[in-house]
1. Looking at (1) open to solvent by 30 Å² or more (accessible area, probe 1.4 Å); (2) in a helix (DSSP H, G or I); (3) not basic (Lys, Arg), which one does Gly108 not meet, given that it meets all the others?
2. Quick check: is even one residue across region 40-47 polar (S, T, N, Q) and either crowded, with 18+ Cβ neighbours inside 10 Å or modelled with pLDDT of 90 or more (or both)?
3. Can you pull out the residues in region 48-71 that are surrounded by fewer than 18 Cβ atoms within 10 Å (Cβ to Cβ) and either in contact (Cβ under 8 Å) with a residue 60 or more places away in the chain or in a strand (DSSP E or B) (or both)?
Amino acid sequence: MVLSTVSQQKLKPNIVALSGIAVVLSVIGVIGVIISLLLNASAGAVVSLAVLGYPLYQYVRFRRTEYMITDENVVSNVNLGGEKHKEVGFSKIQNTSVKIPFTYQLVGNYGNINVSTAGSDFNALTLRAVKDPKKVHDRIVKRIDSV
């Protein structure tokens, strides 16, 4: 009996790469809170606090996110209260691309990998803030070509 070996690569989004966006939103939120307190506008304070809460939400979300590339597919798992599981088989992948936002470049070699399938107008799966995105992208493309 021959057992097949399944290889898989686990990836986690990098929190440091995402921090640029969080810093910008936090600064906007703090400015909004100060302005709303000076003008005594409670609605402005509520909106500003919501803007401040968004980076915290993103931090928790990305700490609970895991990506995997297996022999069969690309997988995204987000466990934030309830598990959100997405997987795309290599035979279904139509297009892939790498995007490297400016804020990610400030902290190292990180980027996003977008995976599209036939018939979808948007990305079926996005691996965000992945270390060495071009290397990971090349692995996905090689696997697609072998299918």
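1. For Gly108, the exception is condition (2).
2. No, region 40-47 contains no residue that is polar (S, T, N, Q) and either crowded, with 18+ Cβ neighbours inside 10 Å or modelled with pLDDT of 90 or more (or both).
3. Glu66, Met68, Thr70, Asp71 - these are the residues of region 48-71 that are surrounded by fewer than 18 Cβ atoms within 10 Å (Cβ to Cβ) and either in contact (Cβ under 8 Å) with a residue 60 or more places away in the chain or in a strand (DSSP E or B) (or both).
Here is a yes/no grid of residues against (1) touching a residue at least 12 places away in the same chain (Cβ under 8 Å); (2) assigned to a loop (DSSP other than H, G, I, E, B); (3) farther than 18 Å from Lys12 by Cβ:
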position: Asn79; (1), (2), (3): yes, no, no
position: Glu83; (1), (2), (3): no, no, no
position: Glu87; (1), (2), (3): yes, no, no
position: Thr96; (1), (2), (3): yes, no, yes
position: Asn112; (1), (2), (3): yes, no, no
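The values are calculated or read from the model by the stated rules, or taken from the named source; none is laboratory data. Model, not experiment: these values are computed from the prediction. Every residue, glycine among them, receives a Cβ derived from its backbone with ideal geometry; neighbour counts consider all protein chains shown. When the accessible area is computed, the model is the full protein with side chains, heavy atoms only, and any ligands, DNA or RNA have been set aside. Shrake-Rupley method; radii C 1.70, N 1.55, O 1.52, S 1.80 Å.
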